[in-house]
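**Student:** Once you've had a glance at the structure underneath, I'll fire off some questions.
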Amino acid sequence: MKPILIETIRKELNAFCGTFFFTNLANLLKLRSGHDMSFLSCKTKKRRESEAKKFKTLLFSFIHGAQCLDDLDDLREDSLFREITGGCASTTVGDWMRSFSSRQIELLSEAHTELAFKLRAMLPKDDRDLIITMDSTPHEQTGKKMEGVAWNYKDMWCLDSQNAYDQYGLSYGFHLRPGNTYSGNGAVSMIEQIFSRAPISMRRFFRADSAYGNMGIYNALINKNVSFVIALKENVYRPLLTKNKEVMKWKKSKMTFFNSTNCEVATVQYPLQGLAMGKKYLRVVFLRAPIESSEQTDLWEGKYRYYALVTNMFEHEKSADGVIAFYRQRANAENFIKEQKYGFDLKHFPCKKLDANRVYGLVGSMAYNIVRFTSFFITKNGCFSKRVRRKLLYIPGQVVKHARRVHIKVQEKHKEVMDKIYNNIFVRFSLVHLNTG
């Protein structure tokens, strides 16, 4: 193999010339303007500008794939990153996150939801359904003195987060909590925050696992005119199954359940006192699969495995098989959670203070939304952050500073790709504002 020779040049080169694409996108979304960020401190104009720089530094660090606060010190050595964001040091951004009050965190959470709706309106999709899937996930930690870290039901030393995604993977809610928090806690306030901002023209749907099956969540969804499907725990559906055992009409289903193709479905009414808007009952869809004679089991009744879903959609709106199929699609939320954890390193958190970590997670979720949104202009069904960064961010080029302006020189083929995607986004942005204006 012939030796490879290395020579030096004096020109300033940059590996992240695609940063200017995301800068233009942030400008389009008004994310660089401190005037649109009510969660920032605003004692003086100068103070607000510096707060905006800290926000931009953290936001763009997530977009660049930073895995911890210390990576900010490496990124600020990049002249283009420093020019665009202000290049705040890791200690500066850490102090900024720790300075947030509870009210500022609430405002940041609202800004996160509003950004999701703004991006959703610009997606190259004509789907008018808003389908929210809610789920919680643990974030395993190693620190012993982190506020909120506790053992969860899986014996994992962790923090826990509540998450809400639509069918395209955009995040509408992120709330970091102590590790031993029950999954459904705080879901009502997140539901109200999301659906209060949903456009009236959108049909609203919700799905979640059995941790979210309680009266408070049912009523919050009914009051917001949301159609929902939620799994039921066995101790809830077993009395209902026993009571209606003689009158239930089981029908053959096309569904596969526990690897069995001999499944049956049945529907019963679920009377509940205290339902909102004068409703008297909900609908429960049962799915059962026979147990093989050779299979060892201590399941109730010993003949079938059961699964139950509660919904406020009745037969004329969605069939039993339709309800089950709709619920099963919630599994895709696991992919979105993994993308946030591994693509934006929200698996671990950097601060001892829980509120500071909440700020870190919310800004990371906003960065995730921007990248996720952009992915739909690369492929029809979207793609992961790894491909977006490779396509639009990790672009080599030359940075030239002249007459107080920054000039970026990249290969023509890269410029054509970025211009095409940005122009498509700008067209969508213009159409949305034309229709709403």
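**Student:** Does region 28-49 include one or more residues that are modelled with pLDDT of 85 or more, surrounded by fewer than 17 Cβ atoms within 10 Å (Cβ to Cβ) and in a loop (DSSP other than H, G, I, E, B)?
**Tutor:** No, region 28-49 has no match at all.
**Student:** Might you check whether a residue that is at pLDDT below 95, basic (Lys, Arg), touching a helix residue (DSSP H, G or I) at 6+ places or on another chain (Cβ under 9 Å) and part of a helix (DSSP H, G or I) occurs anywhere in region 399-406? Spell out how you get there, then give the answer.
**Tutor:** Here is the first cut: in region 399-406, the ones at pLDDT below 95 are 399-406.
From the residues that got through so far, the ones that are basic (Lys, Arg) too are 401, 404-405.
Adding the requirement that they be touching a helix residue (DSSP H, G or I) at 6+ places or on another chain (Cβ under 9 Å) leaves 401.
Remaining after also requiring part of a helix (DSSP H, G or I): none.
No, region 399-406 contains no residue that is at pLDDT below 95, basic (Lys, Arg), touching a helix residue (DSSP H, G or I) at 6+ places or on another chain (Cβ under 9 Å) and part of a helix (DSSP H, G or I).
**Student:** Turning to a different aspect of this structure: Check off (1) over 29 Å from Leu115 (Cβ atoms); (2) among the small types (Gly, Ala, Ser); (3) out of contact with any strand residue (DSSP E or B) (no Cβ under 7 Å at 6 or more places or on another chain) for Ala308 and give me the number that stays unchecked.
**Tutor:** (3)
**Student:** Is there a residue in region 323-344 that is outside any helix (DSSP H, G or I) and open to solvent by 30 Å² or more (accessible area, probe 1.4 Å)?
**Tutor:** If we filter region 323-344 for residues that are outside any helix (DSSP H, G or I), which is where we start, we get 344.
From what is left, the residues that are open to solvent by 30 Å² or more (accessible area, probe 1.4 Å) are none.
No, there is no match, as no residue in region 323-344 is outside any helix (DSSP H, G or I) and open to solvent by 30 Å² or more (accessible area, probe 1.4 Å).
**Student:** Is it true that Asn381 is part of a helix (DSSP H, G or I), farther than 21 Å from Lys30 by Cβ, of a type in the set (S, T, N, Q) and open to solvent by 50 Å² or more (accessible area, probe 1.4 Å)?
**Tutor:** Numbers: part of a helix (DSSP H, G or I): no; farther than 21 Å from Lys30 by Cβ: yes; of a type in the set (S, T, N, Q): yes; open to solvent by 50 Å² or more (accessible area, probe 1.4 Å): yes.
Judged against the criteria, Asn381 is not a match.
**Student:** Identify, please: which residue in region 84-105 is touching a residue at least 40 places away in the same chain (Cβ under 8 Å) and surrounded by fewer than 16 Cβ atoms within 10 Å (Cβ to Cβ) and is, among those, farthest from Arg358 (Cα to Cα)?
**Tutor:** Applying the first criterion (touching a residue at least 40 places away in the same chain (Cβ under 8 Å)) to region 84-105 yields 84, 94, 96-100, 102, 104-105.
Filter again for surrounded by fewer than 16 Cβ atoms within 10 Å (Cβ to Cβ), leaving 98-99, 102.
Numbers: Arg98: 10, Ser99: 12, Ser102: 10 Å.
Looking at residues that are touching a residue at least 40 places away in the same chain (Cβ under 8 Å) and surrounded by fewer than 16 Cβ atoms within 10 Å (Cβ to Cβ), I get Ser99.
**Student:** Please work out which residue is nearest to Val388 (Cα to Cα), limiting yourself to region 346-357 and to residues that are open to solvent by 30 Å² or more (accessible area, probe 1.4 Å) and outside any helix (DSSP H, G or I). Spell out the reasoning first.
**Tutor:** Restricting attention to region 346-357, the residues satisfying the condition of being open to solvent by 30 Å² or more (accessible area, probe 1.4 Å) are 347-348, 350, 352-353, 355.
Checking the rest, the ones that are also outside any helix (DSSP H, G or I) come to 347-348, 350, 352-353.
On the way: Lys347: 20, His348: 22, Pro350: 25, Lys352: 32, Lys353: 32 Å.
In this case the residue turns out to be Lys347.
**Student:** In region 331-356, which residues are within 19 Å of the chain's Cα centre (by Cα) and among the basic types (Lys, Arg)?
**Tutor:** Lys338, Lys341, Lys347
**Student:** Filter region 50-64 down to the residues that are open to solvent by 10 Å² or more (accessible area, probe 1.4 Å) and in a helix (DSSP H, G or I), then identify the one that is farthest from Ala26 (Cα to Cα).
**Tutor:** Narrowing region 50-64 to residues open to solvent by 10 Å² or more (accessible area, probe 1.4 Å): 50, 53-54, 56, 64.
Imposing the further condition that a residue be in a helix (DSSP H, G or I) reduces the set to 50, 53-54, 56.
Numbers: Ser50: 17, Lys53: 13, Lys54: 15, Lys56: 9 Å.
Only one residue fits best here, namely Ser50.
**Student:** Can you tell me which residue in region 12-27 is nearest to the chain's Cα centre (by Cα), limited to those that are surrounded by fewer than 18 Cβ atoms within 10 Å (Cβ to Cβ) and more than 12 Å from Lys56 (Cα to Cα)?
**Tutor:** First, pick out the residues of region 12-27 that are surrounded by fewer than 18 Cβ atoms within 10 Å (Cβ to Cβ): 12-13, 15, 24, 27.
If we keep only those that are more than 12 Å from Lys56 (Cα to Cα) as well, we get 12-13, 15, 24.
Numbers: Glu12: 37, Leu13: 35, Ala15: 28, Asn24: 23 Å.
Out of the qualifying residues, it is Asn24.
The values are calculated or read from the model by the stated rules, or taken from the named source; none is laboratory data. In this text, all values refer to a predicted model and were calculated from it rather than measured experimentally. Here Cβ is always computed from backbone atoms with ideal geometry, including for glycine, and neighbour counts include all displayed protein chains. Ligands, DNA and RNA are stripped out before the accessible areas are found, and what is left, the full protein with its side chains, is counted by its heavy atoms. Shrake-Rupley method; radii C 1.70, N 1.55, O 1.52, S 1.80 Å.
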